[in-house]
Amino acid sequence: GAGVSQTPSNKVTEKGKYVELRCDPISGHTALYWYRQSLGQGPEFLIYFQGTGAADDSGLPNDRFFAVRPEGSVSTLKIQRTERGDSAVYLCASSLTGTAQETQYFGPGTRLLVL
Amino acid sequence: AQSVTQPDIHITVSEGASLELRCNYSYGATPYLFWYVQSPGQGLQLLLKYFSGDTLVQGIKGFEAEFKRSQSSFNLRKPSVHWSDAAEYFCAVGAWDSNYQLIWGAGTKLIIKP
């Protein structure tokens, strides 16, 4: 695709519910990243995929958060038993191969509000 | 561990005036340095990046940044700002020993006075 896309753009849910956030990376990019951005902060790393596998999930805050990328393209970030503190903008980025000097291309984000 | 500091939460400049946004990093070796811009409703867009070589880097939209190893800084500059430059600007660091993560500053919000 032309750029990274994320759906939905906004998600409002109630505390305790389950949500899924989707990311479509740039076609051909093997590296995919999820970040979380709270108000007034820079993005915070959550998880990095190289192809289908999660190469580093050390940024996931707890076991309520999980992400998959089954075919090495689209990724889904899943949050179980949502809490009000999960409210943030969830950003997805992709890069060609995942080296440190590559440009990461970002999607517009999904704004999650947990009531 | 590497870290990034953007000391100014927000900066206000008049249209047509010059701009400098500060970024300081902490890392033991030469890092990879990035400046991104985030406009309301838009994704983060890369302005410029530095890996090695010439310490003055030119980017898009008339921005430039200078890497100063002695000061651990990578400040972003523009000689004359336009109202469309109003946005939030983020400095980020990537490290050779962390081949995927970017560590981000908290951002500086740029406000343009007419």
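Filter the cross-link list A:K78/B:K49; A:K17/B:K109; B:K78/B:K109; B:K49/B:K109; A:K78/B:K109; A:K15/B:K109 down to pairs whose alpha-carbon distance in this structure exceeds 23 Å. A:K78/B:K49; A:K17/B:K109; A:K78/B:K109; A:K15/B:K109, as the Cα separations exceed 23 Å there.
Across chain B, Cα pairs under 8 Å and at least six residues apart give a relative contact order of 37 percent. Mind jotting down the distance between the C-alpha centroids of the stretch A:1-65 and the stretch B:42-79, whole Å? Rounded to whole Å, the Cα centres lie 27 Å apart. For A:G109, the residues whose amide H sits under 5 Å from its own are A:Q6, A:C92, ignoring neighbours fewer than 5 places away on the same chain, with H placed 1.01 Å from N. For the stretch A:12-31, the residues whose backbone nitrogen is under 19 Å from a point 7 Å from the Cα of A:S87, taken along Cα to Cβ, are A:12-21.
Residues whose amide H falls under 5 Å from that of B:A17, counting only those 5 or more places apart or on a different chain, are B:V81, with hydrogens built in the peptide plane.
Entry comment: accessible area of the protein assembly as shown is 47 Å² per residue, from protein heavy atoms only and a probe of 1.4 Å. To the nearest 0.05, what FRET efficiency results for A:T13 and B:K61 with a Förster distance of 35 Å applied to their C-beta separation? Once rounded, the FRET efficiency stands at 0.45. Among the chymotrypsin sites (Phe, Trp or Tyr not before Pro) within the stretch A:1-65, those in coil by DSSP and having at most 16 neighbouring Cβ atoms inside 10 Å are A:Y18.
Computed from phi, the 3J(HN,Hα) profile of the stretch A:28-34 under the Karplus parametrisation 6.51, -1.76, 1.60 (θ = phi - 60°) reads x, 7, 8, 9, 9, 10, 10 Hz, with x in place of Gly and Pro. Among B:K61, B:K78, B:K49, the largest mean-square fluctuation in a Gaussian network model of chain B, built with springs joining Cα atoms closer than 10 Å, belongs to B:K61. The fraction of accessible area contributed by carbon and sulfur in the stretch B:3-113 is 49 percent, rounded to a whole number (1.4 Å probe; ligands and nucleic acids excluded).
The values are calculated or read from the model by the stated rules, or taken from the named source; none is laboratory data. Note that the structure is a prediction, hence the values are computed from the model and not measured. Cβ atoms come from the backbone with ideal geometry, glycine included; neighbour counts cover every protein chain shown. Please note that ligands, DNA and RNA were not included when accessible areas were found on the heavy atoms of the full protein model with its side chains. Shrake-Rupley method; radii C 1.70, N 1.55, O 1.52, S 1.80 Å.
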